[in-house]
Amino acid sequence: MPDALAGCSMADMANLEQLEQAWQVLETTYTEPVIPVTYINSTAAVKAFVGNHDGVIVTSSNAETILKRVFDKHQRVLFLPDQHLGRNTAYQLGIPLEQMAVWHPKLNRLEAEGDLQNLKVILWQGRCCVHQQYTVEQIATLRSQISDLKVIVHPECPIEVVQASDSYGSTKKIIDEVAASPEGTKWAIGTDNNLVNRMIQTFPNHDIRSINASAFSCITMNRIRLAHLLWTLEEIEQGSTIQQITVDEATQISSLKALDRMLAK
Ligand code: SF4
């Protein structure tokens, strides 16, 4: 790890102890199995728990496909750690918001009214600090200033922002959709500004801007700089592995089950 402090603040919003506590409550609340579904941005320990409880990993590219597959066989999921990816994906699959509720890991309780048996998706109260910086108001302001503007955002944005956009999708989908649009298309993009700035350079014949140009980029992810990477590689070349990440065998085996379920056809 070129910088030991690099990471994902969203992944840190779900730890194994919290998940085990949540599970105890869900097991006593529901008689049918709840399937845990974890975003790839989660710790190895969380993935291992998910693997050991018939659960599966998703990415932002395949979340819809995998969640649909889970709902073909089961009636309820716990989606973690990103509530927004879970909510946006489930909503896209036709599950109404009334059948979703948020699990508060710090309070160890479900924020829900009415009959808990009606819930289909329990959303972990995690979020990406970067994607919280894009708002419906920013989109409205840009649309009032720029005619024929197309807006695309990442599904880690809140659902109101996704609904105010023309389309949404993973980083790959955002890049592909912009690349496939005619030259001169006016775009406003809601995802990490490092990517938006790279796209402005990569597609000079498109008119690209961020929905919020002053939004900060991911602080933890961006700790890894070229100098750190070079230092790490030079050390490896000289036979010394610094800041090596290791995962114990039991965690490897269990988390691989969740990954294999994702990759299964
Ligand atoms: S932008 Fe940063 S905090 Fe958000 S999901 Fe990516 S790595 Fe995590």
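Any read-out appearing in this document is the output of simple, stated calculations on the displayed coordinates, not a laboratory observation. Quick caveat: nothing in here was measured; it's all calculated off a predicted structure. Every residue, glycine among them, receives a Cβ derived from its backbone with ideal geometry; neighbour counts consider all protein chains shown.
When each pair of different Cα atoms in region 105-169 is counted once in the 1/r mean, what is the Kirkwood radius in angstroms, to one decimal? Please list the in-between numbers first.
Working: mean 1/r = 0.0706 Å⁻¹.
When all Cα pairs of region 105-169 are included, the Kirkwood radius is 14.2 Å.
Among bridges DSSP assigns within the chain, what percent are antiparallel (round to 5)?
Working: 3 of 28 bridges.
Around 10 percent of the beta bridges assigned by DSSP in the chain are antiparallel ones.
For region 86-158, which trypsin sites (Lys or Arg not before Pro) are both in a DSSP coil and crowded by at most 11 other Cβ atoms within 10 Å?
On the way: sites: R87, K106, R109, K120, R127, R143, K150; in loops: K106, K120, R127.
Of the trypsin sites (Lys or Arg not before Pro), the ones in loops of region 86-158 whose Cβ has at most 11 other Cβ atoms within 10 Å are K106.
Hey, in the GNM for the chain with a 10 angstrom Cα cutoff, which one of L230, L80, L116 fluctuates hardest?
Comparing L230, L80, L116 in the GNM, the peak value goes to L230.
According to the square roots a ≥ b ≥ c of the eigenvalues of the Cα gyration tensor, what is the shape class of region 94-135, taking rounded for a/c under 1.5, prolate for a/b larger than b/c otherwise, and oblate for the remainder?
Numbers: a/c = 3.03, a/b = 1.49, b/c = 2.04.
Taking the square roots of the gyration eigenvalues as a ≥ b ≥ c, region 94-135 is oblate.
For the chain, compute the number of Lys pairs whose alpha carbons are separated by less than 16 Å, excluding pairs fewer than 8 positions apart on the same chain.
Working: K47/K257; K68/K120; K68/K265; K73/K120; K73/K265; K150/K173; K150/K186; K257/K265.
So the count of such lysine pairs works out to 8.
Let me check I've understood the local charge: for S181, count other residues with C-beta under 11 angstrom from its C-beta, Lys and Arg +1, Asp and Glu -1. What total comes out? Walk me through the numbers on the way to the answer.
Details: positive: K150, K186; negative: D166, D176, E177, E183, D207.
Summing Lys/Arg as +1 and Asp/Glu as -1 gives -3.
Cβ under 11 Å from E98's Cβ, E98 left aside: what net charge do those residues give with Lys, Arg +1 and Asp, Glu -1?
Numbers: positive: K120; negative: E113, D115.
Spelling it out: positives minus negatives among the neighbours equals -1.
Using a cut-off of 10 Å between beta-carbons, work out the net charge of the residues near N88 (Lys and Arg +1, Asp and Glu -1, N88 not included).
Values: positive: R87; negative: E64, D82, E156.
Taking every other residue near N88 into account, the sum is -2.
Length gain on complete extension for the stretch R69 to E98, per 0.36 nm per residue less the alpha carbon to alpha carbon distance? Can you show the working numbers first?
Numbers: separation 29, 0.36 × 29 = 10.44 nm, distance 2.13 nm.
Length gained, R69 through E98: 8.3 nm.
What is the gain in length, in nm to one decimal, between S61 and D248 on full extension, counting 0.36 nm per residue of separation less the C-alpha to C-alpha distance? Don't skip to the answer; put the middle values down first.
Numbers: separation 187, 0.36 × 187 = 67.32 nm, distance 2.83 nm.
Computed gain between S61 and D248 is 64.5 nm.
Looking at region 85-159, which GluC sites (Glu not before Pro) are DSSP coil and have at most 10 other C-beta atoms within 10 Å of their C-beta? Working shown, then result.
Details: sites: E98, E111, E113, E137, E156; in loops: E113, E156.
Here the GluC sites (Glu not before Pro) that fit, given the DSSP loop and packing criteria, are E113.
Based on the alpha-carbon set only, what is the convex hull volume of the chain divided per residue, in Å³?
Numbers: hull volume 41.3 nm³, N = 265.
Taking only Cα atoms, the chain has a hull volume of 156 Å³ per residue.
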